[in-house]
Each structure stands twice: as C-alpha cells, then as structure tokens.
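K.L.:
Pasting a structure here, questions to come.
Read the figures in this text as sums done on the coordinates, not as results from a lab. Since the model is a prediction, treat every value here as computed from it, not as a measurement. As a convention, Cβ positions derive from the backbone with ideal geometry for all residues, glycine included, and neighbour counts pool all protein chains shown.
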Ligand code: SF4
C-alpha cells in the first residue's frame, strides 16, 4: 500500500533533497519503517534509543495528528499522505 | 581597568539644535547593563521625563550595540533601537542584524541617542567616533534601497545605513528602521519615532575594529562552538543554514503554531502551505545572505518573475510568509515576495503590515467594509492581487490601504468603527507575531507580560515549548505545556537569559544553536570581566525589572490590564487541527512568572527587595517611595 511521507526540510539531505518519499505499509509505523529502510540515516532522527518516535516529532496523517488516532498503529490507505514535523518553531 | 569590547563612547544628539555631546557610561554601567536594550533602558529610565508622549520631540530614540557586537562572538552583529513605543505607550525596542551594528561600533560609538526634532530632514553621519548632523533633503522621499545606495555612493561601499523609508517619513505606525535594504528593526513603532524626528538615516563609516580583552580566548570559544554547529544532525543549524526561517512555514501551519485566517482558521483552511514554505522559497533564492560574520547565513536574496509579479529582493522570513500568507489564506509565493519587498523598501514592519491586511480581509468578508470603502479592492481571503495592491497603498500612504490601514490595526478600528473590533488581533496596539498560544501557550503569557507587548523575540516558557532553547541552558523542561501552574520559574529563567542575549548584541537564532554557557564565555573574553551563568541570570533579572519599571512609571502598566483577544487564546476553541479544543489560561502563568521574577503577581510591580537586590535602589525609590 503506497503512501507519501513528507520529511522535514532539514532532513532532506538524507533523501537526496526530496521532500516526499513514497513508502509501503499498512500502518503509519510500517510506512515510517519503510522510509528508514530506504534512507537509513533517518532512523536515528525518527526514533529514539527506546525505539519510540523521537521526542519533539509530530506525525500527521492527512493533516490530523496520529496522537489523536491510534499512534503508529493507525492504518493507512493508498494515496494517504503523512507529514513529519519537528517541534522547532522559532523565527 | 576599562572594560573592553565597548568603546566607552555614547553620542547624544539634540536634533532641535544639531548639538552633539559624548559620554562614557563607565565600567559599572557596562558590567551591569551590557548594552543594547539593557544600557538603553538605563538611559531612558534615568534621562527621559516620565509620561512623555512617545512622539514628543523630547522623547529619546536610541540605537545601541552590545559588547559582543562587532566581535568574534558568533552572531555578534546586532543593534537595538530603543524608545517609548508610540503604538503601545510602553517600553519599546526592536533588534536587527545585518552590517549596521558592527559598522556603528567600528565607526567609534557604542550607541547614539536622539532627542528633539529637526525642522527639516536630516541624517546623522558617524565616523571616527564623531557625529555630525547633515541635511537630508536629497535623501528624503527615497526608499530604503535607494537611500542606502545613495549614501554608499557618497561615503563608500563600507558605509552602513539605518534609515526610514517613505512610511517612516509619513510618521506611520507601521514604520520600521531598515538596514541592508531589507533587515528591519520593525517592532514597537520605532521607525515612527525616527520619522517624527525628521531623522532619515544614521550612516556609519567603519574604520577601527573593536578591541576585546582577550582576542585569542574569544576566538578559541568561537572555534569550539563552531564545531558544535557543524556536528551532524543539529536540526537548528540545518534549519537556519539550509533554509532560514522559511523552512518552518509548512510545519508551523500543520501543527498550529502559525495563525491562519486572522487567527480563526486551521490547516484545513490552508492546506497548501507548502507552496509558500521551505523548498518553494529556496527555489527562488539566487544567493544566500548572512549578517556580519554569521556562519548560519539564514537570509537570502530571491528573484521572482511570475505574471504581474517581478521582483528581486530579500528572502521573506517565516513571519512574513505567515502574515501575508497563512493569515490571509494566500498561497501565492510571488505575491508575498512582492509584499515583502514593498515593506522593505517603504520601511514597514512586515508582521504589522501583513496582520493589518488580514484584519482588513476579515472586515471585508464580514461586510464591515465594502468595495466602496476600499476603492474597488476586493479584499477576500487569498485574493493576492488585492493583497499586493493594499500593501502598496499602505507603503505609499494612498487609497484605502494608506488612509485607513496605514497606522495598523488599532488605529484602523478607530477609523472604521467599533464593529471592526471583532477582527482586531493585537495586544495593546501591537499586531501579534506569528506564533500561536494555542500551540505554545507560554507565548500567550509572554505577549502580555513582557514590557513590549505582543512580541515573539522576547524569551519565556514558550521557547521551551517550541524547542527553541539553546543546548545546555540548564533549565529543565516543563512536563506538559497545557498545565499552566508551575511554569513561572522556567519562564523567568529563560526570559532573564534572553535579556542578556539581546543586551549583548547576539542574535536569537544563533543563540538557539550556540550552547548556552558559551555566551558568558564570550562576554568574559570580550569585556575582561568574568561572567557566569549565574551572573547572566542576575544581569537579565536587572534588565527585565528595569524595562518593567519603565512601564510602571509611565503609568500604563498592570500586565493583567493588557488583554489578548479571546480568539487568540482559543475562546472559542478551534474545532479542527492539532490545537482543536485548546483554550489557553495565560493569567495563571503570568502571575506565576511575576512571582518568580520577584514582581507583584497582581500588578507586575517589581518588589523593593527585588529592585534593591539588583542595585536598582533609584527605581525602588520611584516605585515604592
Ligand atoms: S542567524 Fe540569520 S538573522 Fe541571525 S545573525 Fe545569522 S544570518 Fe543574521
């Protein structure tokens, strides 16, 4: 099942400067894992040592936070879009 | 031993007479207040008559550097404009980078204060530590880019210029002080004060580098800190060096930090924020721009040519993209770049100008103003042609934009009528910046409790919530940003830190990347006086108390009297988006913060003990008898 994952701008040097990565998976967690499989340098940025999503990261599925759904277990459908956002908010 | 890193020379210019006097504030004042708005607050508090109208000729306007400006300290390139704000009637300051600050110091001054008002337009020339007041007839009417070019033709390419544009000349409340053709000391309405004095520009011709106490040690700290910057995966470094602030726009819209549709919308109203964010903006960039010796170089020059929009200028910052974009539901990047350029050239604050346009659009959409009122402009959400047109009018003072909107939201309500109040999103007259308390609730306290209401460059607990604190600041995170009790200590610590950053001449962005303990190290090696993290807290507390005391003495200040629009606090709450259902209680945090600062939680008045503890006995006498 193919979804699009938009990575934060400051991570794009690990994706060949691509903003969107196409990923396979039945859930948010599986799709993110597929992004890491394609771009292993994103692994330590996405996940903490405990294997959970890193602190200060938010993930949105079709504009809604996955924390309002079922977290990484939230199912995804073909054509869905995921967006990873870092907490940093100054400027 | 005379403190180093500073020139021991302030100029005081009386624009009524053209006379100039010079003073050395002395080691004690430099050590206690540093420079920037620290020393600025001391000078205004001790020399300006209380209760003066902000635009009265006797009112003081200062442009000050800090002890780290023009030194090897990373991002030591700021100057700060200070004065009473004509928008809020409170303390006012506005911080700016670029090249002017270092040039002023290398021209031989730590700062220059102006009183009086010239009869005819003047500019002030600073070279070799001397100030002369010159006729500005040939410069009046020029935009900021033309002004700088003409001065550089006259005084050489190294000359740096801080000026007002036509907006300031008209004494508009939107006016900013501009340098480098697009870096702005935009907030607090200090461009308006400069215009009221008929002061077109300050021109600094640099000649002598700034002497510091221990140049080798200062360089060594710089090198060590740069090593931290370049460490792989540093998100703040990546953000600023690869994108600049435009890199956060889409993410901020998504998570609700960027206000949308004049603070009434959500990401669902503006799902195309990517079109005005990160890669889309960088695609228009022709070259990077950095302030003086800044390794981050977060700025840029851009070029767009799209339909009617053709412009080359500075890259729009996040604040500008959000104000003219998300706030107006405008995803046309070229139009925002044009609005940015209009603001820079005309000398207007982009936050205030963009927010005023969003206010006008809401008024139009609600039928409070009509096409007849706007002279035919259809001010509907996302109508970028009308947005550009009305911004042009605000810049040149004509039409609906100039006549009704040209002094910002609060004044526009007076001109339109009380029914427009519903769309008026400001705090005490200052248009609100692009960070939403429903996402970072601490900024809802900071907007009200800082001596300059409605500001985002003032530090507080919100920087913690927004992951915008420097490494190793040594203040633990507050566990849950929506639990309002118990945030005061955190906010107080962070705000005291921020006062020192601002008074030293450092950039807030750079200080997000620089490990915090490097700042007192920079100060120590520049000034030759030992600063520690504890001393930073002491100096920051002193500056914070003095800024607040300025307001209280003006009789305008009980922080609880300044109200944020209920909408901004989530009353009623948003129904969608990441901040759906959030209503912020900023009052609990404000009281908690005041208590932690040693100020009365009910009135914001610093206690006698607090003031005396900071050697502010003269202030204690004024406030407590
Ligand atoms: S980080 Fe950006 S704004 Fe700050 S000093 Fe560097 S270039 Fe200027």
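K.L.:
If you consider only alpha-carbon coordinates, what radius of gyration and Dmax does segment B:35-112 have, in Å?
P.N.:
Just the Cα atoms of segment B:35-112 yield Rg and Dmax of 13.0, 40 Å.
K.L.:
Also, I was wondering about something else. Whole Å is fine, so just give me how far the alpha carbon centre of segment B:172-248 lies from that of segment B:377-418.
P.N.:
30 Å
K.L.:
Among rounded, prolate and oblate, which fits segment B:336-421 when a ≥ b ≥ c are the square roots of the eigenvalues of its C-alpha gyration tensor, a/c under 1.5 means rounded, and a/b larger than b/c means prolate?
P.N.:
Taking the square roots of the gyration eigenvalues as a ≥ b ≥ c, segment B:336-421 is prolate.
K.L.:
Could you list the square roots of 5 times each eigenvalue of the Cα gyration tensor of segment B:451-513, that is, the equivalent ellipsoid semi-axes, sorted largest first and rounded to whole Å?
P.N.:
Value: 19, 14, 10 Å, ordered largest first.
K.L.:
Quote the FRET efficiency, to the nearest 0.05, computed for residue B:230 versus residue A:26 with a Förster distance R0 of 60 Å and r equal to the Cβ-Cβ distance.
P.N.:
0.90
K.L.:
With the crude spin-label approximation of a point 7 Å out along Cα→Cβ, what separation in nm comes out for residue B:580 versus residue B:480?
P.N.:
2.0 nm
K.L.:
Once Rh for segment A:2-86 is found with the Kirkwood sum over Cα pairs, what is the Stokes-Einstein diffusion coefficient at 20 °C and 1.002 mPa s, in µm²/s?
P.N.:
In µm²/s, the coefficient rounds to 171.
K.L.:
Round to a whole angstrom and tell me the spacing of the C-alpha centers of segment B:1-67 and segment B:591-625.
P.N.:
23 Å
K.L.:
Would you please give the FRET efficiency between residue B:19 and residue B:128, computed as 1/(1 + (r/R0)^6) with r the Cβ-Cβ distance and R0 = 22 Å, to the nearest 0.05?
P.N.:
So the FRET efficiency works out to roughly 0.75.
K.L.:
How much length is gained if the chain between residue B:219 and residue B:297 is pulled fully straight, taking 0.36 nm per residue apart and subtracting their Cα-Cα distance, in nm to one decimal?
P.N.:
Extra length from residue B:219 to residue B:297 when fully extended: 26.2 nm.
K.L.:
Calculated from DSSP H runs of 4 or more alone, at -39500 (n - 2.57) each and per residue, what is the 222 nm mean residue ellipticity of chain A, nearest 500?
P.N.:
Using -39500 (n - 2.57) per qualifying helix, the result is -4500 deg cm²/dmol.
K.L.:
Can you sort A:13, A:6, B:160 so the residue with the fewest Cβ neighbours within 10 Å comes first?
P.N.:
A:13, A:6, B:160
K.L.:
Once Rh is set to the Kirkwood radius over Cα pairs, what Stokes-Einstein translational diffusion coefficient, in µm²/s, holds for segment B:194-262 at a temperature of 25 °C and a viscosity of 0.890 mPa s?
P.N.:
144 µm²/s
K.L.:
Report the relative contact order of segment A:2-86, percent, no decimals, based on alpha-carbon pairs under 8 angstrom and at least 6 residues apart.
P.N.:
The normalised contact order for segment A:2-86 reaches 40 percent.
K.L.:
If neighbour count is taken as other Cβ atoms inside 10 Å, put B:135, B:339, B:594 in order from fewest to most.
P.N.:
Taking fewest neighbouring Cβ atoms as first place, the list is B:135, B:594, B:339.
K.L.:
Further, regarding this structure: In what sequence do B:462, B:263 fall when counting other Cβ within 10 Å, fewest first?
P.N.:
Arranged by neighbour count, lowest to highest, B:462, B:263 become B:263, B:462.
K.L.:
Still on this structure: In nm, what is the difference between 0.36 nm times the number of residues separating residue A:17 and residue A:55 and their Cα-Cα distance?
P.N.:
11.3 nm
K.L.:
Also: At 222 nm, what value in deg cm²/dmol follows for chain B if DSSP H runs of at least 4 each add -39500 (n - 2.57) and the sum is divided by all its residues, to the nearest 500?
P.N.:
Using -39500 (n - 2.57) per qualifying helix, the result is -11000 deg cm²/dmol.
K.L.:
Against the 2.2 N^0.38 Å scaling, with N counting residues, where does the protein assembly as shown land? I'd like the Cα-based Rg ratio to two decimal places.
P.N.:
0.90
K.L.:
Also, quick follow-up: P(r) of chain B in 20 Å steps, Cα pairs, percent per bin?
P.N.:
21, 59, 19, 0
K.L.:
Determine the relative contact order of chain B: mean sequence separation of Cα pairs under 8 Å and six or more apart, normalised by residue count, in whole percent.
P.N.:
Contact order relative to length: 15 percent.
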